[in-house]
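I have placed the structure first, in the form of structure tokens, so that the comments after it can refer back to it.
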Amino acid sequence: MFKNTLIFIMFTATCFAQIKGEKKLQECELTLKDSTAFRGFCRIGKVDKIHFSMERDSTPDVWDSKDVKSVRFFRSDYDQVLEYFNLRKNSLPRLLEIKLYGDVMLYARTKFRMIPDKTITVYPSLPPFGKENDLPQQRVVSYKKEEEVSAYYLKKASSDTLFPIRPSWTNRRWKKEMIEFFKDCPSLVEDLEADAYDKKSIAQLVEDYNLYCTEND
């Protein structure tokens, strides 16, 4: 039983969507499919192409999944690694951010979307004297706010297949899929059935599996 075990997991403060929004070249390391690595400066462009240069002030070359396996961004207090994967058939590979390492890897792809926030009714001011009949109609103003949405993926070290966790899944569907994915760990399944985990605790679930359910432990 793991539900009484408290483990703090810190996700990177800069998510994939923020990296993609950066216009300046950032210090990075490009790793090719043949394991060759180059240290330089990168930024993520359209359709997840990587703009890479050995010098910050040089014109970058454009790289993609044909030659590149992953890119590592060096931050002041952590490294952020993105890896190419095919997410759909007949589509270009996309970059996923590695959130957790272990026998089960946790990946994420984050984006921002606008959602309704609040609605305010604006009442008109009083018209000038003598024009009372010209009172304008009240207006309804709708506001939106930016929301961060993450799609998560699982991958076992023994497999090259990504398991997508759909943001649209209901809690019931999520629980059913997680029980099936982690069925090789009876204790974890027991906690899932007891609702010790939910959609928001996916990182804790993966961390607990890697700590308590692997053959090496």
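Would you pull out the residues with amide H under 5 Å of Q26's amide H, same chain only if 5 or more places away, H placed 1.01 Å from N?
C42, R43
Work out from phi, with θ = phi - 60° and the Karplus expression 6.51 cos²θ - 1.76 cosθ + 1.60, the ³J(HN,Hα) of each residue of segment 92-101, listed in order in whole Hz, and give x for Gly and Pro.
5, x, 10, 8, 10, 8, 7, 9, 9, 9
A short reminder: the numbers here are calculations on the coordinates, not readings from a lab. Just so it is clear, the structure is predicted and the values come from calculations on it, not from any experiment.
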